[in-house]
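Undergrad: So that we are looking at the same thing, I have put the structure below in structure tokens.
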Amino acid sequence: MLKIFRFYFFDLIRSRWTVLYALFYLLLTSALLLLSPNLSKVIISLMNIVLFLVPLIASMLGIMYFYSSRDFIELLLAQPLRRSTIFFGQYLSIVGSLGLSLLLGIGIPFLLYGILSSAEIWNYLVLLGTGLMLTFIFSGIAFWIALKHENRIKGFGLMILCWLFFAVIYDGLFLLGLSWFNDYPLEKFALGASLFNPIDLSRILILLKLDIAALMGFTGAVFSKFLGSGLGMLISMASLLLWVGFPIWRIRAISLKKDF
Amino acid sequence: MTKKKLLLILCGLSLPLQSMFAARLEVCPSCSYQTIHSALENASDGDQIIIKSGLYREGNIQVTKSVHLLGEGWPVLDGEGQTEILTITARHVLIEGLEIRNVGNSYIEDRAGIRLRNTRFCTIRNNRLVNTFFGIYLEHSADCVISGNEVLGEALEENSSGNAIHCWYCQRLTIRDNQVYRHRDGIYFEFVDNSQIFGNTSKDNLRYGLHFMFSNDDYYYENRFIQNGAGVAVMFSKCIDMDHNIFASNWGRASYGLLLKELTDTDIRNNSFRENTIGIYVEGCSRIDYHHNEFKQNGWALKMSGGCLDNHLQENNFIGNSFDLSTLASAGTENTFDNNYWSEYSGYDLDHNGEGDIPYLPMKLFNQIVQQTPEALILLRSLFIDLLNFSEKVSPVFTPENIRDLHPKMNPYTLNIRS
Amino acid sequence: MIQINQLYKSFGTNQVLKGIDLNLDKPGITAILGPNGSGKTTLIKSILGMVLPDQGHILFDGKPIHKKWAYRETIGYLPQIVRFPENLKPAEMFALIKNLRGQNPDLQHLINRFELEPFLQKRLGNLSGGTRQKINLVQAFGFDSKVLILDEPTAGLDPVSVIELKKLLEEERKKGKIILLTTHIISFVEEMAEQMVFLLDGHIHFKGDQKTLKSTFGDDRLERAIANILRKDAINQSEPEKII
């Protein structure tokens, strides 16, 4: 697996997309840090961008990359290798290169800024961590869709739909549901529903640090209890990990049964 | 004010005059007086009673003469959970250097560590009160100074706990440099006028750090209110000026940095509101000026409920709050926002005059959604909500027209605020 | 060496292989012929484990290949490749495959043979189809495998390279390799293959050497003989539209 990973990884980090992606974050983060005097404001702005862009880019580059390496996979499959080795190697290489872009792009400016000795270090680390998690999740979903659908147009369409669903539509439906059943106690529902969307989950994990005051002001006891304790952090982390695991499980299942 | 100053001067002059003829009565196991009671019986006005270090279990001690009770080496007066400890009814009493402990809760009477009743010109300073139900209790008193005391409670729930410094029907008090922890209210004022509160730290109190009821013309400044149920509550009062205070980390459900209810004619300036669930909650208040305050990382910087008239917010910094403003449609329309700095402002300043060229609307659509459906708060800062807010910003449908800052600053003010 | 028993495979409703039996034991070149969509590539990929059969077994060296992977060490495969990773250089690709197979043969003579030296350090994305096919050939022939499976080896090659390929095949045959290839070019088959498998509609219609094929179908030219198979098949099934 390491061989496949290394090979694809070095192929990927030389691709202009990965380089562009890293440069984009680098410029954006530097600009935000230079223009805004307030570190927590920078982190909130970055959060908005990371939650928007990371899933989108991971989805699109993931599916693009899989489709474009589709032919080469046939050559790899004829080599004395396990199937899972090939696919996990490839998956990890995508995650690795996108993750590295993100890490360098928003890491270098913050390091130069002196984040290590700042009080905001934890907020920043949570932001970075959730960004990486989302890279895992959405590259995984992209891979899963690409494996399942040989038809590229269909695959791309599904992936865009999937991203749109988690980024926007889900929250819209969520809000609609909340206002619809306004008369019922909805705290548990609200908390539960947010576990089913990795983007929402990541957002809440970051907000647990940044907007704790507002969230604690919520009138429901369930909320304060959940958000106020380490339990909320723990459950959110655990469900994020499940979200990482789910596409991997699907990739494995499909790659073992698929004909090439 | 002049009358007050005169009184203070007279008071100051009279004390040294008395002490020239004063006797020193010492209390300790090997002294001429073994108990405080016996010393008090034999003292006359103006005498000094020196209480040496040791444990004194004498139940309730009535101070009916104008004496000084001075502790040396922190003598402990223990109520053993049974009684009130010092009850002062004479004028010109000075209490200093005592440790007073274990008054014990009572649901029938408001027992206190030190009570001042119907008196004037008393000073309670540099004492330590531990577990005293009500710490220092002043009723029908005037011209007293409470300073440098440490009042440590062990309050667990509101109903069964007292206030650290409780003042009822008083005039011209000075409450300064006290530390009040873990009571129901840190400092409580009911029908207290013309008084000053400054330099105090009020922390971990269950209800309010400082609480005004029906009190007028008071002034509090340079205090710190941290991690209380709510920082300060000012209710049914007028002319309570406040400046250079810090209201921080008052969070939890329905928690405020500052709660204003039925307050009028007040100036609020140079205060810092940090990390409170709600920075200031205003209900039924009029003619209040808020300026040069800092609102930083609160849930809601300012929440205005119904019946507010003539509230003016100018030249404040709003930085990193989840919501800058929340008001009800029924809130008065005569409130203004001008020349503030809002970190959420995303406008531009083409003419470089330091002011944004488009107005800032502090009231977001999502705010109204949260008011109706509080659970929606979990969607805070999501893309969907940003889109909603953005569309509302482009063409306001729900936001009231008049709630806007026409001159939002591009950079925060440098404020004179205590850290 | 390779033994295929009653192999069935369908993709969705499309039944591609309908009970294939095949034995490949003798060294030499076996060509799999058949019209487009007759299942040639599916059969090859089944042997390589890329396509998983619905029914039937494939034995390699007497052992079933199901869920096995190590046996591919002894197979050189030339895929019908369209694209390699774009940012990769041929030299790196050879290094990767050497690395993956854990073998380190000298590919230089093949590289010289196909005159690939100048392209070794160029990005694969910038190379022409023919050059890429030559690189493909190098990796398939380079590992001295006992079995060679070649899917459309002549695709995209210029006549000079085709001649070179034929020479190469000849040499490999002499080394006693088992070579399995698919192609559309009948003359290539006529010249090179001693065994032939004719696939049509998921069945093996003919299996044997050229002489037998020609005599069975009454023509001394292979092209005609094959046309005869198709025609005969069409008449048998009275489905003229299936004629290809």
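Please treat every number below as a calculation from the coordinates, not as lab data. Computed from a prediction, not measured in an experiment: that's the story for all the values here. Glycine gets a Cβ as well: all are built from the backbone with ideal geometry, and neighbour counts include every protein chain shown.
Undergrad: I need the calculated FRET efficiency for the pair B:Leu328 and B:Thr64, taking r as the beta carbon distance and R₀ as 45 Å, to the nearest 0.05.
TA: 0.25
Undergrad: Quote the convex hull volume per residue of chain C, based on C-alpha atoms, as a whole number of Å³.
TA: Numbers: hull volume 33.8 nm³, N = 244.
Spelled out: Cα convex hull of chain C, divided by residues, is 138 Å³.
Undergrad: Under 5 Å between amide H atoms, partner at least 5 residues away or on a different chain: which partners does C:Lys177 have, H built in plane at 1.01 Å?
TA: Sorted by chain and number, the residues that satisfy this are C:Gly28.
Undergrad: Rounded to the nearest 10 degrees, what's the angle between the helix B:383-394 long axis and the longest principal axis of chain B, both from Cα atoms, 0 to 90?
TA: For B:383-394 against chain B, the angle is about 70 degrees.
Undergrad: Using just the helices of chain B, give the 222 nm mean residue ellipticity in deg cm²/dmol: DSSP H runs with n ≥ 4 each add -39,500 (n - 2.57), and the total is spread over all residues, rounded to 500.
TA: -3500 deg cm²/dmol
Undergrad: Relative to the longest principal Cα axis of chain C, at what angle does helix C:222-237 sit, 0 to 90 degrees, rounded to 10?
TA: For C:222-237 against chain C, the angle is about 50 degrees.
Undergrad: Now, a different point. When only C-alpha pairs under 8 Å and at least 6 residues apart count, what is the relative contact order of region A:2-257, in percent?
TA: That works out to 27 percent.
Undergrad: Is the shape of region B:365-404 best called rounded, prolate or oblate, per the rule: a/c under 1.5 gives rounded, else a/b larger than b/c gives prolate, else oblate, with a ≥ b ≥ c the square roots of the Cα gyration tensor eigenvalues?
TA: Cα axes put region B:365-404 in the oblate bin.
Undergrad: Please give the FRET efficiency for B:Thr174 paired with A:Ser118, using the beta carbon to beta carbon distance and R0 = 41 Å, rounded to the nearest 0.05.
TA: E between B:Thr174 and A:Ser118, to the nearest 0.05, is 0.50.
Undergrad: Something else now. By how many nm would the segment from C:Asp219 to C:Ala91 grow when fully extended, if each residue of separation counts as 0.36 nm and the alpha-carbon distance is taken off? If you can, show how the numbers build up before the last one.
TA: Details: separation 128, 0.36 × 128 = 46.08 nm, distance 4.74 nm.
Roughly 41.3 nm would be gained on extension.
Undergrad: For the residue pair A:Leu35 and A:Ile160, what label-to-label distance in nm results when each label sits 7 Å from Cα along the Cα-to-beta-carbon direction?
TA: Reported label-point gap for A:Leu35 and A:Ile160 is 2.8 nm.
Undergrad: For the ranges B:80-89, C:208-217, what's the packing order if you count other beta-carbon atoms within 10 Å of each residue, average per peptide, and put the highest first?
TA: B:80-89, C:208-217
Undergrad: Using a 10 Å cut-off on Cβ atoms, rank the peptides B:232-244, A:174-186 from the highest mean neighbour count down.
TA: Details: B:232-244: 21.4, A:174-186: 14.8.
Output ranking for B:232-244, A:174-186: B:232-244, A:174-186.
Undergrad: With the crude spin-label approximation of a point 7 Å out along Cα→Cβ, what separation in nm comes out for B:Glu262 versus B:Arg57?
TA: 4.7 nm
Undergrad: As a footprinting exposure proxy, order B:Tyr208, B:Tyr219, B:Tyr33 by other Cβ within 10 Å, with the fewest listed first.
TA: B:Tyr219, B:Tyr33, B:Tyr208
Undergrad: How big is D, in µm² s⁻¹, for region A:121-210 by Stokes-Einstein at 4 °C and 1.567 mPa s if Rh is the Kirkwood radius over C-alpha pairs? Can you show the working numbers first?
TA: Values: Rh = 14.8 Å.
The diffusion coefficient I find is 87 µm²/s.
Undergrad: What is the dipole size for region A:2-257, taken about its Cα centre, with +1 at each Lys and Arg Cβ and -1 at each Asp and Glu Cβ, in debye to the nearest 20?
TA: 800 debye
Undergrad: Evaluate E = 1/(1 + (r/R0)^6) for C:Lys175 and C:Glu115, where r is the Cβ-Cβ distance and R0 equals 25 Å; express this FRET efficiency to the nearest 0.05.
TA: Working: r = 23 Å, r/R0 = 0.93.
About 0.60, to the nearest 0.05.
Undergrad: Something else: Give me the log10 of I(q) over I(0) for region B:187-310 at q = 0.10, 0.12, 0.18, 0.19 Å⁻¹, as the Debye formula computes it from C-alpha points; what are the numbers?
TA: Calculated log10 I(q)/I(0) at the listed q: -0.24, -0.35, -0.84, -0.95.
Undergrad: Right, next: Express the C-alpha Rg of region B:262-419 as a ratio against the empirical globular expectation 2.2 N^0.38 Å, rounded to two decimals.
TA: Rounded to two decimals, the normalised Rg is 1.00.
Undergrad: Report the extension gain between B:Ile108 and B:Glu72 in nm, rounded to one decimal, defined as 0.36 nm multiplied by the number of residues separating them, less their alpha carbon distance.
TA: Roughly 9.6 nm would be gained on extension.
Undergrad: Restricting to chain C, compute how many DSSP beta bridges are antiparallel as a %, nearest 5. Could you put the intermediate results ahead of the total?
TA: Numbers: 21 of 39 bridges.
Roughly 55 percent of the DSSP beta bridges within chain C come out antiparallel.
Undergrad: From a point 7 Å beyond the Cα of C:Asn228 in the direction of its Cβ, which residues of region C:197-219 have a backbone N at a distance under 12 Å?
TA: Counting only backbone N, you get C:211-219.
Undergrad: So, one more: Let me see the P(r) profile for chain A: every Cα-Cα distance counted, bins of 10 Å, each bin given as a percent of all pairs.
TA: That works out to 7, 28, 32, 22, 10, 2, 0, in percent per bin.
Undergrad: Normalise the Cα radius of gyration of region A:42-100 by 2.2 N^0.38 Å (N = residues in it) and let me know the number.
TA: Rounded to two decimals, the normalised Rg is 1.45.
Undergrad: On a C-alpha basis, how far is the centre of region B:163-198 from the centre of region C:126-167 in Å? Whole number, if you could?
TA: Cα centroid of region B:163-198 versus Cα centroid of region C:126-167: 95 Å apart.
Undergrad: From other protein chains only, count the Cβ atoms within 10 Å of every residue's Cβ in C:95-102, then give the mean.
TA: Partner-chain Cβ atoms within 10 Å, mean over residues of C:95-102: 5.
Undergrad: For A:Arg70 and A:Phe24 in the same chain, what is the full-extension length gain: residue separation times 0.36 nm, less their Cα-Cα distance, in nm?
TA: So the extension gain works out to 13.8 nm.
Undergrad: Taking 7 Å along the Cα-to-C-beta vector as the label spot, tell me the B:Asn42-C:Lys207 distance in nanometres, rounded to one decimal.
TA: Going from the B:Asn42 label point to the C:Lys207 one covers 12.9 nm.
Undergrad: Now, a different point. Among the lysines, which fall within straight-line cross-link reach of A:Lys257, defined as a Cα-Cα distance under 18 Å, with same-chain neighbours fewer than 8 residues apart omitted?
TA: The qualifying lysines are A:Lys148, C:Lys9, C:Lys45, C:Lys67, C:Lys68.
Undergrad: Only loop residues by DSSP count here, and only those with at most 12 other Cβ atoms within 10 Å; note down the trypsin sites (Lys or Arg not before Pro) in region C:25-90 that meet that.
TA: C:Lys67
Undergrad: Looking only at the protein assembly as shown, where both bridge partners belong to it, what percent of the DSSP beta bridges are antiparallel (to the nearest 5)? Please list the in-between numbers first.
TA: On the way: 23 of 176 bridges.
Given both bridge residues lie in the protein assembly as shown, the antiparallel proportion sits at roughly 15 percent.
Undergrad: When 1/r is averaged over all different Cα pairs and the result inverted, which Kirkwood radius in Å belongs to region C:80-196?
TA: About 14.8 Å, per the Kirkwood formula over Cα pairs.
Undergrad: When a footprinting reagent is the concern and you count Cβ atoms within 10 Å, what order do B:Asp193, C:Asp21 take, fewest first?
TA: Ranking B:Asp193, C:Asp21 by Cβ neighbours within 10 Å, fewest first, gives C:Asp21, B:Asp193.
Undergrad: Kirkwood hydrodynamic radius, computed over distinct alpha-carbon pairs, for the protein assembly as shown: how many Å, to one decimal?
TA: About 34.6 Å, per the Kirkwood formula over Cα pairs.
Undergrad: Here is a follow-up. Which value does Rg/Rh take for chain B over its C-alpha atoms, Rh per Kirkwood?
TA: 1.08
Undergrad: Partner chain Cβ atoms within 10 Å, averaged over the residues of B:367-376 - can you pull that number for me? Don't skip to the answer; put the middle values down first.
TA: On the way: counts 0, 0, 3, 3, 0, 3, 9, 10, 21, 9.
Taking the mean over all residues of the peptide, I get 6.
Undergrad: Related question: Nearest 10 degrees is fine. How inclined is helix A:16-35 to the longest principal axis of chain A, computing both from alpha carbons?
TA: Approximately 20 degrees, to the nearest ten.
Undergrad: Is any residue of region C:184-226 close enough, with backbone N under 15 Å, to a label point placed 7 angstrom from the Cα of C:Asn36 along the Cα-Cβ axis, and if so, which?
TA: Correct set: C:184-185.
Undergrad: Another question, if that's okay. Would you mind giving the mean number of other chain beta-carbons within 10 Å of the Cβ of each residue in A:69-76, as a whole number? Could you put the intermediate results ahead of the total?
TA: Working: counts 4, 2, 7, 9, 2, 9, 12, 4.
Mean shielding by partner chains, rounded to a whole number: 6.
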